[in-house]
Amino acid sequence: MPRSPYALLLAAALALPGAALAANGRWPALLHAALAESGVPREAVAVYVQEVGAREPILTWNADRAMNPASTMKLVTTLAALEVLGPTYTWRTEAYAQGPVLGDVLHGDLVLKGYGDPKLTLENFWLLLRDLRSRGLREIRGELVLDRSFFAPQNRDPARFDNEPTRPYNVPPDALLLNFKSVRLQFVPQEASDTVKIVSTPHLPQIEIVNQLALGAGHCDFWPERPQAPPEQARLVFTGVFPSGCGEKSRNFALLSPNEYALTLFQQLWRELGGLFAGGVRDGTVAPEATLLATWESPPLSEVIRDINKFSNNVMARQVFLTLSLAVEAPPVSTDKSVRAVREWARRANLELSELVIENGSGLSRIERISARGLAQVLLRGVSGPLMPEYLASLPIPGIDGTLRRRLNSSPASGRAHIKTGYLEGVRAIAGYVLDQQGRWLVVVAVINHPSAINAQGFQDAVIEWAYGGDKSYRCCAR
């Protein structure tokens, strides 16, 4: 099996006298060389490595500097949720009849009340509606009423973060978040005609897909070209060449308002289930006299955090973060309450996180901050208690799954770590656990805040490979 460039660099570094140390600043030679290659100055890097169970770290650098951690902030949110809400916590979605049900006809409104389910996917929403049909409801003669009162009102512009309002990661939190408010487009090459078929799931008639793609040669790095998405229109225009070597690919887009999406999806699924509905949609709340018809229960939190961490799902992370409000105050939940809940959890857990700035708990933020030492404290706590298996299993494994399935494939560290990644413009971060070649678990954190951070993936890989196979018999602490 071919070895990665950084595996070769590791072997060379270990062959040097005083193998693990760089002459400049006592950095391991492997890390010193990898960072120099990236063009990122050491002043823009924070590193923390410590063996689990040890009293002192092996390597620290800028460890107490507050840094933007990007998606590694999810490590804070998910551990707090596990410990505060519990691994078996679930979210409900309820369906109420607001009016009399005579036979199989509801003479009134159907009210859907959400409690912030992070995973009310197309399939799960279909199961809720199928339950309604199985209980005998066929026709609804009122409106579809959406009760989102469990979440405090939010006026979040989906274009605010990066001017990409159609990207699913920018979908705002919603107590009744249906299928991430998104459509999945599958791009299917048609070799016989040199064209590309685009399949939409779910198929929502308001969304217009203009397909001008041609099948041709090229790399899959940027497929397809970014679609044109005219403002204020549910329209995507795809042009350019789709490389034939890509095979089938998929992308997700969010184009409709929450109510328009909910109504259209409900109409489609209800009709497919044999139901009748001709009403509209509106926001509202469950009336005291309403009758509960059916309840959907989400997967438990221990499963939800696997999606959040392995695939870095920002929308799900924000839903979980807001749910933490319940630890300090009754609903409606809000960002301020959740920030208080996280700080209170950290205090009870004896975590020194005075530098912590948390905006939404997902890391999709320009202002969130934590230090490398702070992240390491969270990780050390994550493996010190009874919830260690659930927490550890939620992180991507290099060369195996999640966001790291294609990284370090040919490295000896492949399959030997559980690492959360983070990436924003100007930010690269990794944080997690490495099982080294001597069978010791190490907590590893490396955060870069610099315009050249995009070039530093090799440095991150080098940190993991050094933690796996480098000389850690010394202690090096700087800055």
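For region 78-89, 3J(HN,Hα) computed residue by residue from phi via the Karplus equation (6.51, -1.76, 1.60; θ = phi - 60°) reads 6, 5, 4, 5, 4, 7, 8, 8, x, x, 9, 4 Hz, glycine and proline entered as x. Using the Cβ of ASP104 as centre and a radius below 13 Å, the other residues enclosed give a net charge of +3, where K and R count +1 and D and E count -1. Placing a label point 7 Å from the Cα of SER200 along the Cα-to-Cβ direction, the residues of region 260-277 with a backbone N closer than 15 Å are 260-269. Against the chain, whose longest principal axis comes from its Cα atoms, helix 5-14 is set at around 30 degrees. Straight-line reach from LYS197: which aspartates and glutamates have Cα under 13 Å away, leaving out those fewer than 8 places along the same chain? Filter leaves GLU248. The phi-based Karplus calculation (6.51 cos²θ - 1.76 cosθ + 1.60; θ = phi - 60°) puts the 3J(HN,Hα) values of region 239-249 at 10, x, 10, 9, x, 5, x, 6, x, 6, 9 Hz, whole numbers, x for Gly and Pro.
Helix 314-323 and the longest principal axis of the C-alpha atoms of the chain enclose an angle of approximately 80°.
For a paramagnetic label modelled on ASN163 (point 7 Å from Cα along Cα→Cβ), amide N atoms under 16 Å away belong, within region 201-231, to 226-231.
Taking every DSSP bridge with both residues inside the chain, close to 70 percent are antiparallel. What percent antiparallel are the DSSP beta bridges of region 183-253, to the nearest 5? The antiparallel fraction comes to roughly 60 percent.
Taking 0.36 nm per residue of separation and subtracting the current Cα-Cα distance, fully stretching the chain between GLN190 and SER257 would add 20.9 nm. Checking the cross-link filter: which aspartates and glutamates have an alpha carbon closer than 14 Å to that of LYS181, excluding same-chain neighbours under 8 positions apart? Those aspartates and glutamates meeting the cut-off are ASP117, GLU123, GLU260. Alpha carbon centre of region 154-212 versus region 262-294: separation in Å? Rounded to whole Å, the Cα centres lie 23 Å apart. Sorted largest first, the spans of the alpha carbon positions of the chain along the three principal axes are 85, 60, 35 Å.
Evaluating 6.51 cos²θ - 1.76 cosθ + 1.60 at θ = phi - 60° for every residue in region 395-405, the Karplus couplings come out as 8, x, 10, x, x, 10, 8, x, 6, 10, 5 Hz, glycine and proline recorded as x.
Short-range pairs are left out: with C-alpha atoms under 8 Å and at least six residues apart, the relative contact order of region 183-253 is 38 percent.
Just tell me which aspartates and glutamates come within less than 16 Å, Cα to Cα, of LYS472; anything on the same chain fewer than 8 places away is out. Cross-link targets: GLU51, GLU56, ASP436.
Every number in this text was worked out from the coordinates using simple rules, so none of it is lab data. What you see is a predicted model; the values in this text were computed from it and never measured. Please note: Cβ atoms are built from the backbone with ideal geometry, for glycine as well, and neighbour counts cover all protein chains shown.
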